[in-house]
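Nothing in this text is a laboratory measurement; each read-out follows from the coordinates by a stated rule. Worth saying up front: this structure is predicted, and the values here are computed from it rather than measured. In this analysis, Cβ positions are derived from the backbone assuming ideal geometry, glycine residues included, and neighbour counts consider all displayed protein chains.
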Amino acid sequence: MRKFLNVSLLLLLVGFSGSLGCRSWLSPDEPAAAEPGLSAGDYLERRASGPSAAESGLSVGDYLERRASGGSAVGSAATRPTPAPTRRAPLMTDTTPGTRPEMVAVSESGSSIVSKTYPWAECGVVQLDKTMPKEVGLNKPFNYTLRIANLTNTTLNDVIVTEDLPDNFKFLSSNPSAQQDEDNVLFWEIATLGPKAVTQISISGLATYIDTLKHCTTVVTPVVPACASVQVIQPELKLTRTAPTEVLVCDPIQVRYVVTNSGTGYVPNVKIVETLPAGLRTTGGKTEVVFDAGTLMAGQSQQFSAELRATKTGQYVSKASANSTMGLRAESATTTTAVTQPILAVQKTGPERQYIGRPVTYQITVTNKSDVAARNTVIEDMIPDGVNSVRGTAGAKLLGPKLVW
């Protein structure tokens, strides 16, 4: 029966310790609550008598609410100087793996250093190192310091440090200056404490009557957020189509397409498609124009061109579209191209007969019977055999057997 109870108790303790945060209550390396002002021998004796419960740091809101309700803030580091013994034992170091024995370090000058990590030792955000003299004279000013270190790689904002002063301590000054309330508590607000940064506070005062001075420091650490950035993008396609407003039926129609990603983020698998109206064809005889623009990054453009031909005269109205596999679509503005064909009439007049050796004069008349201009018109007149010399009006050129204007 006793063996069964022992095993049950052990399992209960192991199960309870597994529910704790960063470290188990059964861990052999839980440090004792250190009090500055102890000699090394007193400190080791206190440690050997058993560990004390670990204290946790409060959030800013919890701390202010606790103070408003008259309660005491946890997570403070207290100092209780005691008379130094006549023979000081050497400071010993526990070499057990995973332990942190140096909670109080006694310097050669007789001062004590109290270190505490907030919100708790195993998951620290801020470390406080408080250096106090072990003994002071009555009505004699003395200084002590608070060193606050950011243990993280993140900037901390709105760290609050408070110092609860005893009744027999007269506060003289501090650097930086502190706010003081009616309960004899000093406040410092550290707006920003950079990654791994350290700041120090110096306090001056004196003891007004003979009694133990007990100074309690509290550091209220902010909540360190876990931040992740997500970029919000909005890609957008724009397409322009340019074409001539008028061409002759025999002339090619040059069309230019420009597709642009005018938004943010990339657009994959962009294609330009235009279904040609009846009477228009590509030079390859196709009735559809397709271009693969691929992936367009933000601000990127791609340009393409096509050569079309009209099979008849008329007004050709058309537009193109750009599409992506991610669902984006853009259409170009509508363009109109007029395909025209001038109608020319040529009339040649001259004498029906003439004697040999005498000049023959004749006229060539070209008439445009359409309502469109006949641009780049060329007139050619073939010279018959047996003609020895030829003269024409201004601009005429004799090119072999023909006269050209």
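Potential lengthening of the chain between residue 336 and residue 297 amounts to 10.9 nm, from the contour at 0.36 nm per residue minus the alpha-carbon distance.
Residue exposure proxy: 272, 364, ordered by other Cβ atoms within 10 angstrom of their Cβ from fewest to most, comes out as 364, 272. Listing 223, 161, 185, 378 from fewest to most neighbouring C-beta atoms within 10 Å gives 378, 223, 185, 161. Give the share of C-alpha pairs in each 5 angstrom bin for region 237-340, from 0 to the last occupied bin, in whole percents, shortest bins first. The calculated distribution, bin by bin, is 3, 13, 25, 22, 15, 11, 7, 4, 1. Net charge in the neighbourhood of residue 289 (other residues with Cβ under 15 Å of its Cβ; Lys, Arg +1, Asp, Glu -1) is +2.
Would you please give the FRET efficiency between residue 397 and residue 317, computed as 1/(1 + (r/R0)^6) with r the Cβ-Cβ distance and R0 = 51 Å, to the nearest 0.05? Approximately 0.75, to the nearest 0.05. Altogether, the Stokes-Einstein calculation at 10 °C and 1.306 mPa s, with the Kirkwood radius of region 343-405 over Cα pairs as Rh, returns a diffusion coefficient of 117 µm²/s. Annotation note: GluC sites (Glu not before Pro) in region 271-368 located in DSSP loop regions with a Cβ neighbour count of at most 12 within 10 Å are 352. For the pair residue 358 and residue 138 in one chain, pulling the backbone fully straight at 0.36 nm per residue adds 64.3 nm over the alpha carbon distance. Among 125, 404, 390, a tally of other beta-carbon atoms within 10 Å of each Cβ gives an order, fewest to most, of 390, 404, 125. Pairs 238/271; 286/312; 116/140: which exceed 18 Å Cα-Cα? Check vs 18 Å cut-off fails for 116/140. Summing Lys, Arg as +1 and Asp, Glu as -1, what charge do residues with Cβ under 11 Å from the Cβ of residue 401 carry, residue 401 excluded? That works out to -2.
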